[in-house]
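In what follows, a structure is listed as structure tokens, so that the remarks can point back to it.
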Amino acid sequence: LNVTEEKFVLDTLAGCTEYKSILDVVVNAFYVQDGRYCPISERNLYIVICYLATFQLEEIGLQHFSRIVKSLDAAKMQQFLRFFFNDLYLNTWIKDEWSHFYDSVYVKENWIDPLLRWQPKVQQLIEKLTDKLSNRTTTVKTSKVTQPKEFNLTVPKPRAIPPPSPAPLPVLPKRQPVPPSIYKPPKERKQLEEIKTKNIQKAKVTNTNQFRCATIKPEKKEFLRRIISAVLVLWSQISCEQYLEVVWETVLTQYFEELTKQPQDLIDNIPIKLNTAAILREGALYQRKLEEELKRIENLQQGAGDPSEFLEWQKQMRGKDLEEQLAEIECRRLQGKLSYEEAVLAHQNVIQENKKKADLLREEKAELMHLYAEKRLQEQKEMKELVEQVMEGHKNVKQVKAKIQEYKQQIVQQVCEESGELLRQALEEKEDKNRKRYELIQQIRAIESIPSIRHKFVDLTETGGHGLFGEMSIVELRERLALLKEAQKAAEEEKRDQIIHEKQAKEQLILDKLDQISQFRAELGRAAALKQEEKKKSQSGERPMKDERILNLQKKIAEKTMERKKQAGLL
């Protein structure tokens, strides 16, 4: 192509791509209405003609457009141009469909009006194409066609299609015999029985240390004996209220004495295994306690007051809230009881209404049964009359049967003749079909017997040439994959180093927390030891006071006993 023709072809291709949406409207409608039998492979041809007629007719002129149209198939062009340059179509649905994509005023002024101006001249072109088609058809009819003559050759007999070889009978695989393990009990059951017997034997063997937690130690026995003896002595000497007071003080005193005799080191030196979560949790607890203590000291330095009044007020308010909640709960309970009574009454009312409805239904059912019985009697009477009529009609049945038999024989004879003819035609059609199938099989076998040579050489350094973005050859792809793997490996190494540094920092944090916990525990142990010593001193100071109180109580008990005996002697 020269430069002008190449520019025209490129402009046409660009225009078809740009205005594809409006061109598809016309071509799709043509395939639906007038071009139903046109092949879909010629769709691009109609798109190009539609584009030239709509957008390039003013530029290229009617003469050049007519030359392009006449160079193509006259029947197809005549059919498409007659459809496209129809006045009714241009002014109605083509204009409306194009207005969906562009402004309606722009469509009418730039596309529809020029097409309507060119319509008379294009109509002359359509008439020329129609005359050309009519002349071509007349010449075809008048021309003499050479009639070929068959060679006088011996017609070979058609080869019979060999019957298909019978399919081999399937050979069933040999069945495996039933394994003998099915008829034997499983090993697991036997093992379970053995384990069960061993457990029973172990349970029968007496274990002296089995109930060690329930046995009473000798020092506890002596402690309980002294408590019981003191309780019996006091019960026989004083009243109930004095008895309870004295017993409570005595028991508490002796119990605390026993506790103080136990070694405190055994309690404090119990080894506890801590994991990471427990270490962090305990460190956070001590840190929170330390912050609270510092805050409390700071508040005291700033002149904070005693919170006892606030706590007393808080206790009173909580008591009031509790009383209100109890009152509300009681109200809800009474409301529930009331709703229960109402539900019982409603249930009783529903039962009474259901009884009334059941009585009404029984009465209606009795009436319906009465009507049904009357209707059945009437039907029985009608059936009797019908039976009598049928018996009278049976008298003339023999003549009717003979006529029906003759008519059936005639129909059977006609059907047999028609079926024979249809069967003969079906056999002929089947023979023709088998013959054509045999010929087609022979042609296919001949085509398959021709050898085909295919050579394909692959160059790994060249691209596929598909016109895709980022297209590359196999060698370049391998190089890029190698670079990607190296980058991924470097990222993994960096991530591994980061994880190791984070792990070391975490271990150092846990060690710091352990040191802090050990310091806090040591301080708490020293504080507990000081509290224990103060408690012992206070108990040693109160003990003689308690002893004097017990002696005074015993003297009073003895005086009360003597007075009770004197009064008993006077009585």
Surpassing 24 Å at the alpha-carbon level, of the pairs Lys76/Lys128; Lys20/Lys76; Lys76/Lys144; Lys20/Lys108; Lys7/Lys95, are Lys76/Lys144; Lys7/Lys95
In nm, the gap between the two label points placed 7 Å beyond Cα toward Cβ at Ala160 and Arg496 is 8.0 nm
Honestly segment 3-137 on the Cα gyration tensor test (a ≥ b ≥ c root eigenvalues; a/c under 1.5 rounded, otherwise a/b vs b/c for prolate or oblate) is just rounded
Highest mean packing first, using Cβ neighbours within 10 angstrom, the peptides 168-175, 490-497, 128-135 sort as 128-135, 490-497, 168-175
Around Lys381 (Cβ within 12 Å, Cβ-to-Cβ, excluding Lys381; K/R +1, D/E -1) the net charge comes to -2
Rounded to whole Å², per residue accessible area for segment 3-137 with a 1.4 Å probe reads 56 Å²
Given 409-422, 89-102, 504-517, the highest-first ranking by average Cβ count within 10 Å works out to 89-102, 504-517, 409-422
Here the FRET efficiency for Gln532 versus Gln201, based on Cβ atoms and R0 = 41 Å and rounded to 0.05, is 0.25
In segment 384-499 the accessible area split gives carbon plus sulfur, as whole percent at 1.4 Å, a share of 56 percent
Once the dipole of segment 351-398 is set up from charges on Cβ (+1 Lys and Arg, -1 Asp and Glu), the residue from the list Met383, Leu361, Val397 lying farthest towards its positive end is Val397
For Tyr407, Tyr46, Tyr19, Tyr37, the accessible-area ranking with a 1.4 Å probe, largest leading, is Tyr37, Tyr407, Tyr19, Tyr46
Quick calc, Arg82 & Lys430: beta-carbon distance into FRET formula, R0 35 Å, rounding 0.05, result 0.15
The alpha-carbon center of segment 354-396 and that of segment 30-48 are separated, in whole Å, by 74 Å
If R0 = 51 Å, then Thr463 and Arg67, at their Cβ-Cβ distance, give a FRET efficiency to the nearest 0.05 of 0.80
Protection proxy (average C-beta count within 10 Å per residue), highest first, orders 56-62, 381-387 as 56-62, 381-387
Whole-percent carbon and sulfur contribution to the accessible surface of segment 3-137 (1.4 Å, no ligands, DNA or RNA) stands at 54 percent
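The values are calculated or read from the model by the stated rules, or taken from the named source; none is laboratory data. These numbers come from a predicted model, not from an experiment. Cβ: placed from backbone, ideal geometry, glycine included. Neighbour counts: every protein chain shown. With ligands, DNA and RNA removed, areas are computed over all heavy atoms of the protein, side chains included. Shrake-Rupley method; radii C 1.70, N 1.55, O 1.52, S 1.80 Å.
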